[in-house]
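Please treat every number below as a calculation from the coordinates, not as lab data. Model, not experiment: these values are computed from the prediction. So basically every Cβ, Gly included, is an ideal-geometry build from the backbone, and we count neighbours across all protein chains shown.
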Amino acid sequence: MIKGLSSAGLGQVEGIEQLIELASKNGFGAIDTSGKELSDWVESKGLAEAKDFLDQQKVRIGSIGLPVEWRGTDEQFKEGLSGLLADAKIAAEFGCQSCCTFVLPATDEKPAHFMLQATKRLRLCAQILKEYDIKLGLEFVGPHHLRTAWKYPFVWTMQETLDWIDVIGEPNVGLLLDSYHWYTTSGTIEDLLALDPSQIAHVHINDAKDVPVEEALDNDRLYPGEGVIDLSAFLKALSQIGYKGSVAQEILSPEPPSETADVLAKKSGEAFLEVFKGI
């Protein structure tokens, strides 16, 4: 598995080159970014120079975010498709193989209609990404407070997401598996061991406060090893099934962190060393 770094939890990061340098300096082999950041970087530096910089730092692009608004109107969705095509092209230039989005556990739309519409839209996104050998990762979202934040319940467990992936029916659709959402949906090690690595597009890790699981808030996470999630067991299970992709930190907090990105990246690197011991 490849240790991955995202800007979530690092405070103020001054662009993609600083994120890459912070990753390299602190033992990470990949970063999460966006297609727009890659495009802007290439426009500024040139493709060859950008690739050389990544090679020198021994860092790869682990994942980009899905730029399409698939939850909104038809017009919003269609307007985003050209951006998806552009992002897929530039991500493929860097060998990135994952593009991810999250699935909220509730909706104000009528669920049956929303499911049908979202299925068609995500299928089209997957078909576009497939042409560039990129997987589409769907992240189920577990915290209990979000399950009632909108009118109707929607998909919020790993098994429901896997069932939906089957219905979408494209071979390059898989899970964005986040340790926090696995924990807040009472996921088990057995659930992880039942997965095939091909079902996982990308992985996030972070930790949870020592509060009743029903009270764990989506935007109040800890660095790996600071909380109650058994991340060593989580990672060992992924290793046992043969997952070899990126495992990226994603730390969300109520307020922006006060420390510098250098301090927080060092903290992240040390946290990863601890939870990856013996894996």
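Here are a few things to note about the model shown:
- Pairwise label distance in nanometres, residue 119 with residue 213, each label 7 Å out on the Cα-Cβ vector: 2.9 nm
- Using R0 = 35 Å, the C-beta based FRET efficiency linking residue 270 and residue 73 works out to 0.20.
- Taking 231, 54 and counting other C-beta atoms within 10 Å, the order from fewest to most: 54, 231
- Electrostatic dipole magnitude of region 204-279 [Cβ: Lys, Arg +1; Asp, Glu -1; Cα centre; debye, to 20]: 520 debye
- Sorted largest first, the spans of the alpha carbon positions of region 178-279 along the three principal axes are 40, 31, 23 Å.
- Listed values (i) 0.94; (ii) 1.03; (iii) 1.00, entry calculated as Rg/Rh (Cα atoms, Kirkwood Rh): (i)
- Cross-link table 36/151; 45/130; 3/236; 36/58; 45/267; 36/130, entries beyond 24 Å C-alpha to C-alpha: 36/151; 45/130; 45/267
- Counted residue by residue at 0.36 nm each, then reduced by the alpha carbon distance between them, the extension gain from residue 130 to residue 260 reaches 43.0 nm.
- For region 1-136, the Cβ-based charge dipole about the Cα centre amounts to some 580 debye (Lys, Arg positive; Asp, Glu negative; other atoms uncharged).
- Rg and Dmax over the alpha-carbon atoms of region 1-85 stand at 14.5, 44 Å.
- Residue order, fewest to most surrounding Cβ atoms within 10 angstrom, among 132, 152, 180: 152, 132, 180
- Amide N of region 81-108 lying under 15 Å from the label point, which is placed 7 angstrom from the Cα of residue 152 along Cα→Cβ: 104-108
- Sum of side-chain charges, residue 189 neighbourhood, beta-carbon under 11 Å (Lys, Arg +1; Asp, Glu -1): -2
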